[in-house]
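Trainee: Here you go, one structure.
The values are calculated or read from the model by the stated rules, or taken from the named source; none is laboratory data. Treat the numbers as computed from the prediction; the structure is a model and nothing was measured. Backbone-built Cβ (ideal geometry, glycine too); neighbour counts: all protein chains shown. Just so you know, the surface numbers come from the protein's heavy atoms only, side chains and all, with ligands and any DNA or RNA stripped out. Shrake-Rupley method; radii C 1.70, N 1.55, O 1.52, S 1.80 Å.
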Amino acid sequence: MGLIENTKTYTGRDLETIFFRPIVAGENAEQLGIRMLYNMPVPTTIQLWSPRADILQEYESGWSGGNSANRVQKSIEMHKVKAEVGFSAADYFQQVYEQIVARADVNLDDLTGTELEAAETEMFRAAIAESLRVTMWLGDVDASVFNKFDGFIKKIVGSSDVVSAAMGDTKPIKDNIIRILNDMWSRATPELKALKGDGNLVFLVTSDVYDAYEQYLDSCGSDGAYNDLTTGRRELSYHGIRLIDMGVSHHLAKTSLPHSICLLTDRRNLVLAVNTADYPGSEVRMWYNPDAMENRQRAIFMVGTEVLDESLVVTAGFE
């Protein structure tokens, strides 16, 4: 038991490589359907570039050039946040021990400090990643929950520049889901439609929208539909545009946001920024408090979200 009572502190390079980079990079980050930035200089400025459509000119002497690309630029408002978790010593030991015994290569008669450290680090890292994931969608500084920073949905729903395809009392079911997706695509701006060829357009949806489309596919009378019905699908696409379940439906009841949401945008248009480099005091610390007989974990860092161009978003909300 004494091994997991040793204080562990991650700062600087260790904080980046051991703790946060696995959260904000790689395949797991890609599956979120957004753009993630880590340790960009503060204030964090982001750009969305697109080439100019008409730079060809009549050949003649002299210079009449200009910028070769159009640019949308915004600064992300970064918020200082912390995550804290405390466990009784017995509960903490059981959770860390479970992380270890699940591995086949561990000798339970010779547990080293490194294995214990990796297990408790992974446990805390998973908790922070999940909290970031939920808050980046549902965050609302005026709410009673998920209120540490504004998330994408609040910024999108509250913007007059977003194209809305409100469905009123219509609920997404297999009989109307194609009409809903078609209506959203038809309302998209020409600029958003032109980005389809880049392969980054996504439908970001709540679970009921995702399930309705999957049920529609199941009802199609074909061998492919039968095979998918029995073996499942790794991902869903509509006309080449991926549907990504935001995975927040079970939290929406706690908020004032619509309980069913569908967003059509370019994944590069939604940005989550995390910074552990430019804020003095950024760290992850794990220690044992003997007075309270409690194992404690704390992380301090900065985070923020931004929608680069609201006109490149189509939304459909259902009460």
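Trainee: Taking only pairs six or more apart or across chains, which ones have beta-carbon atoms under 6 Å, a first residue in the stretch 189-217 that is at positive phi, and a second residue that is open to solvent by 30 Å² or more (accessible area, probe 1.4 Å) and part of a loop (DSSP other than H, G, I, E, B)?
Mentor: Hits for this filter: zero, empty list.
Trainee: State which residue pairs qualify: first residue at positive phi and in contact (Cβ under 8 Å) with a residue 40 or more places away in the chain and inside the stretch 143-159, second residue open to solvent by less than 50 Å² (accessible area, probe 1.4 Å) and assigned to a loop (DSSP other than H, G, I, E, B) in any location, beta carbons under 9 Å apart, and separation of 6 or more residues or different chains.
Mentor: Phe146/Gly139; Phe146/Asp140; Phe146/Thr255
Trainee: Further question: Looking only at residues in the stretch 41-50 that are part of a strand (DSSP E or B) and at pLDDT 80 or above, which one is surrounded by the fewest Cβ atoms within 10 Å (Cβ to Cβ)?
Mentor: Thr45
Trainee: Then there is this: Name every residue in the stretch 155-200 that is under 15 Å from Ser260 (Cα atoms), open to solvent by less than 70 Å² (accessible area, probe 1.4 Å), touching a Ser or Thr at 6+ places or on another chain (Cβ under 9 Å) and in a helix (DSSP H, G or I), in order of residue number.
Mentor: Listed by number, the residues that qualify are Ile156, Ile180, Met184.
Trainee: Consider Leu3 against the criteria (1) surrounded by 13 or more Cβ atoms within 10 Å (Cβ to Cβ); (2) of a type outside the set (Gly, Ala, Ser); (3) modelled with pLDDT of 70 or more: it satisfies all of them except one. Which criterion is unmet?
Mentor: Answer for Leu3: the failing condition is (3).
Trainee: Return the pair list, or none, for Cβ contacts closer than 6 Å from residues in the stretch 12-40 that are open to solvent by less than 80 Å² (accessible area, probe 1.4 Å) to residues that are assigned to a helix (DSSP H, G or I) and modelled with pLDDT under 80, at least 6 apart or on different chains.
Mentor: Here the result reads Met36/Val24; Met36/Ala29; Tyr38/Val24, each pair linking the stretch 12-40 to a residue that is assigned to a helix (DSSP H, G or I) and modelled with pLDDT under 80.
Trainee: What residue, among those in the stretch 274-319 that are small (Gly, Ala, Ser) and part of a loop (DSSP other than H, G, I, E, B), is surrounded by the most Cβ atoms within 10 Å (Cβ to Cβ)?
Mentor: Within the stretch 274-319, the match that is surrounded by the most Cβ atoms within 10 Å (Cβ to Cβ) is Ser282.
Trainee: Looking at (1) assigned to a strand (DSSP E or B); (2) within 18 Å of the chain's Cα centre (by Cα), which is the only condition Arg268 fails?
Mentor: Just one mismatch for Arg268, condition (1).
Trainee: Here is a follow-up. With (1) open to solvent by 40 Å² or more (accessible area, probe 1.4 Å); (2) under 18 Å from the mean Cα position of the chain (by Cα) as the list, and His259 as the residue in question, which single condition is left unmet?
Mentor: The one condition His259 does not meet is (2).
Trainee: So is Asp110 assigned to a loop (DSSP other than H, G, I, E, B), modelled with pLDDT under 75, of a type outside the set (A, V, I, L, M, F, W, C) and open to solvent by 50 Å² or more (accessible area, probe 1.4 Å) or not?
Mentor: Against the criterion (assigned to a loop (DSSP other than H, G, I, E, B), modelled with pLDDT under 75, of a type outside the set (A, V, I, L, M, F, W, C) and open to solvent by 50 Å² or more (accessible area, probe 1.4 Å)), Asp110 qualifies.
Trainee: Let me ask something else. Does Ile76 satisfy the criteria of being of a type outside the set (Gly, Ala, Ser) and at pLDDT below 80?
Mentor: Criteria not met by Ile76.
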